[in-house]
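These notes are about the structure you will find just below.
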Amino acid sequence: MEPVIGIAGRPVPVHGLFVALGVLAAAAVFVAEARRRGAPAEQSLVAVTGALVGGAVGMRLSGWAEHLDPALNPSLLEAWMFGSRSILGGLTGAYAGVLVAKRLIGYRERTGDLFAPAVALGMAVGRIGCHLTEAPGRPTDLPWGVHAPAATPACPGCLAGQAMHPSFLYEAAFQLAAFGALWWLRSRITRPGELFTLYVAAYAVFRFLVEFTRANETVWLDLTRPQWFLAPGLLLVVLRLRYGYRRGFYDALVRRQEARA
């Protein structure tokens, strides 16, 4: 049973509370950045709506194609009702939702740079809820290993009282650092879409590496499903960053670093 906290005399699911706080934090950052950049209000609202709807659908249906054998996968209805609620599925759905929403209203300007810092801060807050309610990670002897209640779902290490990697706190720390970096870069990387590209690239690499500390099941070659999902994307990320670098999209940042050296 998911842990709850009492607010105004009513039980509120801990995970859902932090997800809601994360959405509010992301919305505040998005609005502030949209105003700073002078983004049209109506088009921005449509993009946000597309992100929310697409993210909800992607998160709920992310477990529909979990196994290579179709017979092992749930039906669409079962995935919607009892899906794994994957963050990667949610982010993929949100991205697709924004593209569809913009296409419907004929809006062609890039909006990824508005979402990048907002998503980073929202993820940092939301991952605290994951840390408090889900299996933390794989067993570890490191001094910062954490223990979780034996009732934590899908957590054999919790039953055995093992110390485990606080993998969700690793991600919360990464997302906070990413938010700070993106906030600093937002006035330095002026090419539309490149701030979003840098965030996606950094998160893809981080998520692939942090999966080695997560409690997710390995499916082949000791890699998890998220890692296999990310593997082809990492190649595309490298090619995309190389493309941007060779065309001078990051020259302002590179020259600044060279001047400091």
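Observations on the structure shown:
Okay, residues lined up against (1) of a type in the set (S, T, N, Q); (2) more than 25 Å from GLU134 (Cα to Cα):
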position: GLU194; (1), (2): no, yes
position: THR213; (1), (2): yes, no
position: LEU230; (1), (2): no, no
position: LEU235; (1), (2): no, yes
position: LEU239; (1), (2): no, yes
position: ARG246; (1), (2): no, yes
position: TYR250; (1), (2): no, yes
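- Cross-chain or 6+ apart pairs with Cβ under 8 Å, segment 157-174 first and within 12 Å of PRO139 (Cβ to Cβ), then of a type in the set (Asp, Glu): ALA163/ASP141
- With respect to being at negative phi and touching a Phe, Trp or Tyr at 6+ places or on another chain (Cβ under 6 Å), PRO117 fits the description.
Every residue, every condition in (1) at pLDDT below 85; (2) of a type outside the set (Ser, Thr, Tyr); (3) under 16 Å from THR92 (Cβ atoms), yes or no:
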| position | (1), (2), (3) |
| --- | --- |
| PHE196 | no, yes, yes |
| VAL205 | no, yes, no |
| THR218 | no, no, no |
| ASP222 | no, yes, no |
| TRP228 | no, yes, yes |
| ALA231 | no, yes, yes |
| ARG240 | no, yes, no |
| ARG256 | yes, yes, no |
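- Helices (runs of 4 or more DSSP H) enclosed by segment 185-261 - at least 2 residues per element that are out of contact with any helix residue (DSSP H, G or I) (no Cβ under 8 Å at 6 or more places or on another chain) and either more than 20 Å from THR111 (Cβ to Cβ) or open to solvent by 30 Å² or more (accessible area, probe 1.4 Å) (or both): 225-246, 251-260
- Search result, residues across segment 128-154 that are open to solvent by less than 10 Å² (accessible area, probe 1.4 Å) and without any contact (Cβ under 8 Å) to a residue 60 or more places away in the chain: none
- Exactly one residue among VAL210, VAL219, VAL200, VAL238 is touching a Phe, Trp or Tyr at 6+ places or on another chain (Cβ under 8 Å) and within 24 Å of PHE115 (Cβ to Cβ), and that residue is VAL210.
- Failed item in (1) of a type outside the set (Val, Ile, Thr); (2) within 18 Å of ARG214 (Cβ to Cβ); (3) surrounded by fewer than 20 Cβ atoms within 10 Å (Cβ to Cβ), with SER167 passing the rest: (3)
The values are calculated or read from the model by the stated rules, or taken from the named source; none is laboratory data. Predicted model, so just to flag it, every value in this text is computed and none were measured. Cβ sites come from the backbone with ideal geometry, for glycine too, and all protein chains shown count toward neighbours. SASA here: full protein model, heavy atoms, side chains in, ligands and nucleic acids out. Shrake-Rupley method; radii C 1.70, N 1.55, O 1.52, S 1.80 Å.
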